[in-house]
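The values are calculated or read from the model by the stated rules, or taken from the named source; none is laboratory data. Given the structure is predicted, the values throughout are model-derived calculations rather than measurements. Every residue, glycine among them, receives a Cβ derived from its backbone with ideal geometry; neighbour counts consider all protein chains shown. The area values use the complete protein model at the heavy-atom level, side chains included, leaving out ligands, DNA and RNA. Shrake-Rupley method; radii C 1.70, N 1.55, O 1.52, S 1.80 Å.
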Amino acid sequence: MANLAPFLKLSPSPRVRTSPFWPGVVDAGVVSCSVYNHMLLPTQYRSPEEDYRHLKTRVQLWDVSCERQVAVSGRDAADLLSLFFPRSIETMVTGRCYYVPAVDQFGRVLNDPLILKLASDSYWVSIADSDLILWIKGLSAGLGLDVDIHEPDVSPLAVQGPLSARLMERVFGPEVVRLRFFGFDRFGFDHRDYLVSRSGYSRQGGYEIYVDGSENGMTLWRALMDAGHDLDVGPGSPNYTERVEAGLLSFGGDISSKNNPYECGLGKYLDLENADRCLALEPLKRIREQGPERMIRSLSISGPPVPNCQDPWRLSKNGEFAGKVTAATWSWDHNQNVAIAMVEAPYWDAETCLEVELPDATAEATVRSGFFS
Ligand code: THG
């Protein structure tokens with residue numbers, strides 16, 4: 001595909017849904033967006049390097065309202081989720097988040113959401129970029145289950161970065177910073193309760209506030225911005241470079257419904273011994289036994305800064321197909337190009353040297369032993 005045209009304008013349409021934080025996003029000087037779950041996802045405010053350094057040293061507000069919630073509740077809620085999440089839903093703890101791939105009956109990844117257990121018969125599935133609600137409704141309708149499935153008017157606002165706890169306690173009180181990683185609870189602000197989890201799509205630490213009711217979005221956005229002047233709070237977004245360094249996967253980019261969870265490196269989030277109801281139990285056991293044919297890897301790429309990866313870049317060894325790079329970027333902190341790639345089994349050992357076809361050049365790519373922590 002050709003480069004995305006920089007002069008392109010976006011045509012307004014109800015199909016591209018707006019975020020409750022949009023006035024704040026525009027006011028803060030957003031310069032680019034992606035599309036995610038039929039919404040705009042801001043991707044840049046200042047320069048890529050400024051956004052990256054600010055995230056790693058300060059605190060940012062991210063409009064991630066595109067992380068839509070699929071609310072599943074009712075008598076059969078846990079049974080329904082057990083059909084396509086390959087681990088025990090019943091034994092999940094209320095008040096905690098779980099990162100688990102959703103799979104079809106063949107064990108292919110449909111989405112990689114967070115599950116929030118609100119009660120034993122009530123869950124939010126906080127989805128990545130695919131219409132998982134259609135699969136959930138389809139299963140429920142086909143089996144005649146007793147559940148309610150809908151997308152509530154809930155929009156996550158992420159507060160990310162090393163100073164995030166100091167900002168959060170000013171707005172939600174000292175209790176909020178007692179949350180442990182992937183825990184959630186309700187905290188008061190402006191005479192309302194907000195569900196807040198300690199989570200987010202970065203390695204810098206932080207929280208996500210699930211704003212219930214779009215009309216409350218800007219009040220909260222402004223309160224957080226106002227409370228954090230001296231912390232240098234600023235706008236931000238899921239950061240491409242930071243997430244490639246850390247190996248945070250992007251569904252639709254790095255992984256897709258062509259992949260199984262083991263290829264995606266998500267095998268550690270499965271518990272097949274306690275997933276008897278999962279439609280993909282047998283296929284997944286078979287893949288686990290045989291081992292995947294390819295796997296997500298961290299690479300470094302030689303040479304000057306590479307462009308961001310639009311269409312995947314071919315990896316080869318002596319002309320043979322060895323995999324594909326799905327995300328790549330210059331890392332300012334590590335002073336090299338880093339990448340996420342799906343690498344074929346014969347080539348996935350650490351230190352393996354491969355050739356990568358960049359848009360206008362070839363370069364050397366080396367498989368790394370793991371992502372940066
Ligand atoms: N937060 C919420 N919803 C989301 C995302 C989020 N929905 C879409 C998307 N992000 C889902 N994908 C991910 C990917 C990684 C993580 C969370 C959601 C993540 N992973 C950690 C890791 O890889 O180290 C921790 C996983 C663990 O140890 O259990 O946090 O960001 N609400």
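Numerical summary
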{"read-out": "The range 125-136: number of residues that are open to solvent by 20 Å² or more (accessible area, probe 1.4 Å) and either part of a loop (DSSP other than H, G, I, E, B) or within 16 Å of the ligand (Cβ to nearest atom) (or both)", "value": "5"}
{"read-out": "Where a residue in the range 342-360 is charged (D, E, K, R) and its partner, wherever it lies, is in a loop (DSSP other than H, G, I, E, B) and modelled with pLDDT under 95, with Cβ under 7 Å and at least six apart", "value": "none"}
{"read-out": "Every pair of residues 6+ apart whose Cβ atoms lie under 8 Å, when the first sits in the range 195-209 and is without any contact (Cβ under 8 Å) to a residue 40 or more places away in the chain and of a type in the set (A, V, I, L, M, F, W, C) while the second is part of a loop (DSSP other than H, G, I, E, B) and surrounded by fewer than 23 Cβ atoms within 10 Å (Cβ to Cβ)", "value": "196/179"}
{"read-out": "Of residues in the range 237-255 being more than 15 Å from residue 308 (Cα to Cα) and out of contact with any strand residue (DSSP E or B) (no Cβ under 7 Å at 6 or more places or on another chain), the one farthest from the ligand (Cβ to nearest atom)", "value": "252"}
{"read-out": "Scan of the range 99-113 for residues that are open to solvent by 30 Å² or more (accessible area, probe 1.4 Å), touching a strand residue (DSSP E or B) at 6+ places or on another chain (Cβ under 6 Å) and either more than 16 Å from the ligand (Cβ to nearest atom) or closer than 22 Å to residue 183 by Cβ (or both), ordered by number", "value": "99"}
{"read-out": "Subset of the range 2-45 (residues that are in contact with an Asp or Glu (Cβ under 8 Å, 6 or more places away or on another chain), on the phi < 0 side of the Ramachandran plot and not in a strand (DSSP E or B))", "value": "19, 20, 21, 22, 24, 25, 45"}
{"read-out": "Matching entry among 139, 110, 145, 80 (being assigned to a helix (DSSP H, G or I), farther than 24 Å from residue 184 by Cα and modelled with pLDDT of 95 or more)", "value": "139"}
{"read-out": "Tally of residues being of a type outside the set (A, V, I, L, M), in a strand (DSSP E or B) and closer than 14 Å to residue 97 by Cβ across the range 182-206", "value": "5"}
{"read-out": "Condition check for residue 217: more than 10 Å from the ligand (Cβ to nearest atom), open to solvent by less than 20 Å² (accessible area, probe 1.4 Å), at negative phi and small (Gly, Ala, Ser)", "value": "yes"}
